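Down below is the structure, laid out as structure tokens.
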Amino acid sequence: MGLIRNVGTIGGLTAVSRVFGFVRDILLARVLGAGLAADAFQLAFVLPNTFRRLFAEGAFSVAFVPMYTRALHGEEGEAAAVRFATDVLAVFVWVLLGFSALAMLAMPGIVWLLASEYQSVPGKFELAVALSRLTFPYLGLVSLVAMFSGVLNAHSKFAPGAFVPVLLNITLITGIVVGYFLREGGGDDITVAWSLAAAVCAAGVVQLVYMAWATRKAGVRLTLTMPRLTPEVRRMGMLILPATFGAGIYQISQFVDTFFATSLEQGSLTLLKYADRLNQMPLGIVGIALGTAILPMLARQLQSGDEDGAQRLQANAVEMATLLTIPAAAALAVCAPAFVTAFFVGGKMTLADGAIMAQIVAALVCGLPAYVLVKVFQPGFFSREDTRTPVWIAAGSLVINIGVNFMVIPRYGIVGLAAATAFTSTLNVATLYAVLHARGWFRMTPTLIARIARQGVAAAVMAFALWLLLPLMAERYHGSLFERAWSLSVLVAAGGIVFFSIAWLVGALDKSHFAQLRRRRPAKQPANLSE
């Protein structure tokens, strides 16, 4: 099955990146903890990365990839596709340069809008502004990386784009190590923050060089020419504007969450970002892989008029998403104290910080299936060049998110903020599906719904088993490295065995897919969940 193969490629390499990202945040937590320098760097890192997810990986990709794919499979073939990509690149470079320059000039105002409370701590606001100016060029660099990745994805070459985040995490780990030794040589926590900010910018350069090389190796040669606003470029620009909001309520909510988190006690933003790292492990591996693989495949099927194939593709993607995220969310919600203590507590990260972080993780992962299903449902709109509908859905969810935050944060603090994000993300994905269903673009069949319900039953049994097992090894989670490793291994192994055993017994797994994976060649007719 093409979807499983592509998701496997992207997911496998994304898993490698997430492991490196996990190591990065463990080191960062132990070196910086959750204090002034950590908060300032987290804000400086949030700014370019949120814009990256919105514009580069979100709005730009959902507009560029279908148009490039249609040109590639049109009458003129690759020549037309390369001409379109070259015209986009010529305009895109200047837009990125202008936007980045304006943002860097306006950085004091941007930081004030997001984190005005930083001014109450001497030096914190100024440090956040300075670090943000140093990290923001990363947005322009990684946006070009996203374009090259989109070109390769349209050619069904997913590996380079999935591998490129590994380079970011390796560079940031290097920045942490360099900052640590500089601090040991007479610096302080601010020295580490500066080293990290410089590493972010350097990572953008490394990623761009790699993707430019990978694109040329694939036989696609793009050149930088004088900018021309061709009809195709203008059309893509019109698609990007609404897609900026519709590409992901989860990313838009990051700014809202940052604003509220910075208004709470010092360290709240840092703890939220560390907690999101655990949430991002399954989200990044499954969500990014599915979203990246499904968009060009849907565009090709719709271009050829294969509506039944498009239905099957999305149905298989939904089943794959829920099979992986429902048990992951249940396990993380129950085992959050164990994972946080074992991985993050130590050095400058205290047990008290870890306890708060565990509660944040448990709240965040309640929305994990929704975060991933957004990546499955949105291509149903984007592949048909409908970027307007997700705008209205995203805007409504965002308004509700802000209202819920005002209600829950005064009482529940940073944990309430995380829970509000999970709730409104679930509302967002439910609305997306309702519209797809009403328009006849995608409808979940009784077979698919029953299978998802059985997945929920298996996840509930697994969660109960983990809840019983968790306290038996409580002292091991903050013991020696060996004790932490084997105690978490027991939890993971027990959870996996219980879930997949129950899932197999109750019929939560599509056994025909497993039969296909055991064959040398896939079956000619994959399971059709649309029938």
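Observations
- Matching residues in the stretch 230-266 - criterion: being within 16 Å of the chain's Cα centre (by Cα) and at pLDDT 65 or above: Ile252, Ser253, Gln254, Phe255, Asp257
- Leu36 being at pLDDT 75 or above and in contact with a helix residue (DSSP H, G or I) (Cβ under 6 Å, 6 or more places away or on another chain): yes
The values are calculated or read from the model by the stated rules, or taken from the named source; none is laboratory data. All of these numbers come straight from a predicted model, not from anything done at the bench. Cβ coordinates were reconstructed from backbone atoms using ideal geometry, including for glycine residues, and neighbour counts include every protein chain displayed.
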